[in-house]
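The structure appears below as structure tokens.
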Amino acid sequence: MARALINLPKTAKPGAVIEIKTLISHPMETGYRPGPDGRLIPRNIITEFVCTYDGEEVFRAELSPASAANPYLTFTTVATKTGLLRFTWMGDNGFSQTEEAGITVG
Amino acid sequence: MTTLVQNTPVHRRTILAGGAGLLTLALARPGAAAIIRPTREATVEAIRRFTGGATVQAGRIHLDMPPLVENGNTVPLAITVESPMTEADHVRRIAVFNDKNPQPHVVTLHLGPRSGRAAVNTRIRLADSQTITAVAEMRDGTFWSATADAIVTLAACVEG
């Protein structure tokens, strides 16, 4: 399990635009870098990030080797109702991690 | 011989007229230069694949990246698009491309009316001093783009 940091307000007014900050620890090995033996280190990156709000997709990102290590993404969403936000990172070698965070709207 | 003499001024005039036309275009729309600027073939091809061959206009999208980058391994990049983000008018996708990394694609972002605002921050890798191009696809199918330049002192991707 990679360490993931998620930052979003705990409470929000209905209809307010909230900012969500996410960061996950991951080497994001590009596949273009030579290792100590001179051979290229195989690619190992996160390729996709999805955020759902009460089951509905609100944000998605497709990443490539040009993303920095420990992918950091901030985005916004409209606080519609009290519910659960689910964050999923998927990547090479079957990498998949899901985190959850709740928000109270009212 | 006479034909040659007659032909020469016509040629010259055509070229001059064409040049003047280009100059007017460049003066009238300084933003358009961002798209005309030659990029690597792979980048152009990647942008074409993203837009499906549609025309890309300059504007509406803003890129914020430091012009002088000490470490190309983590370069902060902020993307904002001028859009009301309503059901009828919102940003559908934003894609970022580079000129000189081993791969032209940087990141593709999917947004929608639930986003509220079209503002995304991330950190990217830059292998060399180069130009970053961002293209946004709107709900109405139009494409808008912007570019940002960065000078990189320590390259990413290729070096250990």
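Any idea which of B:Thr86, B:Thr122, B:Thr133, B:Thr108 is surrounded by fewer than 18 Cβ atoms within 10 Å (Cβ to Cβ) and not small (Gly, Ala, Ser)?
B:Thr86
Taking the criterion of being part of a loop (DSSP other than H, G, I, E, B), crowded, with 16+ Cβ neighbours inside 10 Å and at pLDDT below 95, would at least one residue in segment B:142-156 satisfy it?
yes
Would you be able to tell me the number of residues in segment B:106-144 that are within 21 Å of A:Thr76 (Cα to Cα) and touching a residue at least 12 places away in the same chain (Cβ under 8 Å)?
Residues meeting the conditions: 25.
Being facing chain A (nearest Cβ under 7 Å) and outside any strand (DSSP E or B) is the filter; apply it to segment B:113-138 and report the residue that is farthest from B:Leu77 (Cα to Cα).
Looking at the filtered set, the residue picked out is B:Arg114.
Looking only at strands (runs of 3 or more DSSP E) that fall completely inside segment A:43-101, which ones have 1 or more residues that are within 11 Å of another protein chain (Cβ to nearest Cβ) and within 18 Å of A:Asn7 (Cβ to Cβ)?
Once the strands (runs of 3 or more DSSP E) in segment A:43-101 are filtered for at least 1 residues that are within 11 Å of another protein chain (Cβ to nearest Cβ) and within 18 Å of A:Asn7 (Cβ to Cβ), what remains is A:46-53, A:56-63, A:72-78.
Here is a check on your reading of the model: is B:Val81 more than 15 Å from the chain's Cα centre (by Cα) and buried (at least 16 other Cβ atoms within 10 Å of the Cβ)?
No: the conditions fail for B:Val81.
Among what's in segment A:15-39 and is loosely packed, with under 14 Cβ neighbours inside 10 Å and over 18 Å from B:Arg114 (Cα atoms), pick the residue that is nearest to the other protein chains (Cβ to nearest Cβ).
A:Pro34
Does any residue of segment B:61-78 turn out to be at pLDDT 90 or above, touching a Phe, Trp or Tyr at 6+ places or on another chain (Cβ under 7 Å) and within 14 Å of B:Ala146 (Cα to Cα)?
Scanning segment B:61-78 turns up at least one residue that is at pLDDT 90 or above, touching a Phe, Trp or Tyr at 6+ places or on another chain (Cβ under 7 Å) and within 14 Å of B:Ala146 (Cα to Cα).
The values are calculated or read from the model by the stated rules, or taken from the named source; none is laboratory data. Here the structure is a predicted model, which is why all the values come from computation and not from measurement. In this analysis, Cβ positions are derived from the backbone assuming ideal geometry, glycine residues included, and neighbour counts consider all displayed protein chains.
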